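Read the structure below first, then the notes.
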Amino acid sequence: MPDRPERRTRKDAERNRQAVLAAADALFSRSGSPEDLTTAAIAAEAGVGKGTLFRAFGDRAGLLRALYEARLEPVRRAAETGPPPLGPATPARERVPALLDAVLRFKLDNRRLALALEDGGGGSPYQAEHYERWHDLLRSTLERIPGLPDADFTAHALLAATRADLVERLAGQEGGGREELRTRLAAYAHHVVADRTPA
């Protein structure tokens, strides 16, 4: 039975959306700078018109957000359903540092993209879907730690240590190495969740 016209239209729209995302990812991987990602270049790489790009993502910032989410998806799946140390079966005091390390490694691997979204054109990072997801995951994990006060605020404070502008300053301007930054963040996270029950 042939597809209905509206079903074909939906399939075409989804195929075009995936083509644009793949083109943006390829161009970004080659240039390394979101400033070089013009909508015209992305549309040409994807083999679609600029109107198709705008219909799928709204604007350039929307496309960057979608690209960010697509790259983040494997990390999110590992954190929500994967095995230790990220997955839900991990003891809370071990899982919190592992979750933060995963966020930091992602920000380091995608520094320019993360900075572009958090620094302008992408709205407040605190309103982003991925931020809410990580905050909820950290908060729920922190709530499993006996005696730890205000899990909600603590989750915000821990995530602040992985903001793209801070990562850029430490890794870029101050020249901090990847392993150094991971070690410093791990020490901070372990201090926050340390067992302070009197012996």
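The values are calculated or read from the model by the stated rules, or taken from the named source; none is laboratory data. Note that the coordinates shown come from a computational prediction; the quantities given were computed from them, not determined experimentally. Positions of Cβ are backbone-derived with ideal geometry, glycine not excepted, and every protein chain shown enters the neighbour counts. Calculation scope for accessible area: heavy atoms of the full protein, side chains included, ligands and nucleic acids excluded. Shrake-Rupley method; radii C 1.70, N 1.55, O 1.52, S 1.80 Å.
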Flag if Ala187 is aliphatic (A, V, I, L, M), in a helix (DSSP H, G or I) and touching a Leu at 6+ places or on another chain (Cβ under 8 Å): no
query: For segment 65-102, what are the residues that are open to solvent by 10 Å² or more (accessible area, probe 1.4 Å) and farther than 30 Å from Val192 by Cβ?
result: Ala66, Ala70
task: Could you grab me the full set of residues in segment 51-63 that are touching a residue at least 40 places away in the same chain (Cβ under 8 Å) and open to solvent by less than 10 Å² (accessible area, probe 1.4 Å)?
output: Leu63
message: Could you check segment 175-198 and list, in sequence order, the residues that are open to solvent by 90 Å² or more (accessible area, probe 1.4 Å) and under 19 Å from Glu143 (Cβ atoms)?
response: His190, His191, Asp195, Arg196, Thr197
task: Could you check, for segment 8-17, whether at least one of its residues is surrounded by 16 or more Cβ atoms within 10 Å (Cβ to Cβ) and either modelled with pLDDT under 75 or among the hydroxyl-bearing types (Ser, Thr, Tyr) (or both)?
output: no
- prompt: Do you know which residues across segment 144-174 are touching a residue at least 40 places away in the same chain (Cβ under 8 Å), surrounded by 13 or more Cβ atoms within 10 Å (Cβ to Cβ) and more than 17 Å from Leu115 (Cβ to Cβ)?
  reply: Arg144, Ile145, Leu148, Leu158
query: Does Ala61 fit the bill of being touching a Leu at 6+ places or on another chain (Cβ under 8 Å), over 19 Å from Glu14 (Cβ atoms), of a type in the set (Gly, Ala, Ser) and at pLDDT below 95?
result: yes
query: Going through segment 23-40 one residue at a time, which ones are open to solvent by less than 40 Å² (accessible area, probe 1.4 Å) and either in a helix (DSSP H, G or I) or modelled with pLDDT of 90 or more (or both)?
result: Ala23, Ala24, Ala26, Leu27, Phe28, Pro34, Thr39
- request: Select from segment 103-125 the residues that are surrounded by 21 or more Cβ atoms within 10 Å (Cβ to Cβ) and among the charged types (D, E, K, R) and write down the one among them that is modelled with the highest pLDDT.
  value: Lys107
statement: Conditions (1) open to solvent by less than 70 Å² (accessible area, probe 1.4 Å); (2) in a helix (DSSP H, G or I) -> Val48 fails only (2)
- request: Report whether or not Ala98 is in a helix (DSSP H, G or I), among the small types (Gly, Ala, Ser), on the phi < 0 side of the Ramachandran plot and in contact with an Asp or Glu (Cβ under 9 Å, 6 or more places away or on another chain).
  value: no
